[in-house]
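To start, the structure itself, in structure tokens.
Taken together, the values in this text are just the output of simple stated rules run on the coordinates, not laboratory data. If you're wondering where the values come from, they're calculated on a predicted model, not measured in any experiment. Ideal geometry is used to build each Cβ from the backbone, glycine not excepted, and the neighbour counts take in all protein chains shown.
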Amino acid sequence: MDLQLEGRRAAVAAASRGLGRACAAALAAEGARVAICGRDRATIEAAAAPAGLVPIVADVSTVAGASGFVRDARVALGGVDILVANAGGPPPGGFAQVSDPEAYARAFELNALSTIAMCREAVPGMQAQHWGRVVAITSIAVRQPIPGLILSNTARAGVTGFLKTLAREVAHDGVTVNSLQPGIHDTDRMRELAGGLDAATAGIPAGRAGRPADFGAVCAFLCSAAAGFVTGVALPVDGGADAGLQ
């Protein structure tokens with residue numbers, strides 16, 4: 001299937017590894033020109049080189065860094081048609097362990113305000129050209145909060161509300177806004193949180209953890225011409241783990 005992404009310009013945040021890197025690779029494989037960012041120059045350049053991606057040093061855990069990444073990507077690519085908003089996760093902990101209210105503020109900046117800032121930089125240009133794609137990587141925790149991750153659960157639920165609102169406001173401009181909710185995937189962060197994948201995958205109907213490439217393929221489809229009538233969707237990519245009806 002031709003996704004009609006040849007020559008499209010994509011900015012993929014926090015993409016030195018994991019799901020962000022997989023999304024960038026999938027878009028590049030479809031012919032998109034892709035800029036990626038990370039905090040460490042050597043790491044992001046090493047991640048970019050094999051697929052011919054454009055490396056940008058940026059820390060998207062802050063509003064300033066997130067905005068700066070999209071501005072730098074726009075300069076490097078000559079514009080941004082596709083934004084994949086992504087950032088790392090906040091520290092683990094439940095209500096009893098997270099006693100500092102400022103921890104919630106930091107998590108909200110990392111996983112909500114950073115995405116909002118990237119959209120503020122990218123979406124007006126998409127509206128002006130009457131074509132654009134925004135895909136935000138959130139978490140399956142938006143559907144069913146994950147024990148011990150109260151900061152992530154809270155912040156990602158908040159940004160999902162923003163994305164749904166934005167999708168409805170810009171749909172008439174040819175801009176789609178969707179989010180992907182990853183379940184258990186074989187990434188470094190998941191191995192760190194779960195202490196290994198064997199126990200974490202026990203309840204997945206597909207019988208395995210997701211591969212990053214599985215996730216990247218879904219992201220590329222949502223960025224495609226074929227997905228032009230899909231917007232405002234928060235899509236689980238979890239091997240059937242979510243048992244809810246919606």
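Between GLU6 and ASP40, the FRET efficiency from the beta-carbon distance, with R0 = 30 Å, is close to 0.45.
Taking max minus min of the alpha-carbon positions on each principal axis, the stretch 42-165 gives extents of 48, 36, 23 Å, largest first. Remark: the TRP131-ALA96 segment gains 8.0 nm on full extension, using 0.36 nm per residue and subtracting the alpha carbon distance.
A simple charge model with +1 on the Cβ of Lys and Arg, -1 on the Cβ of Asp and Glu and nothing else charged puts the dipole of the chain at about 180 debye relative to its Cα centre.
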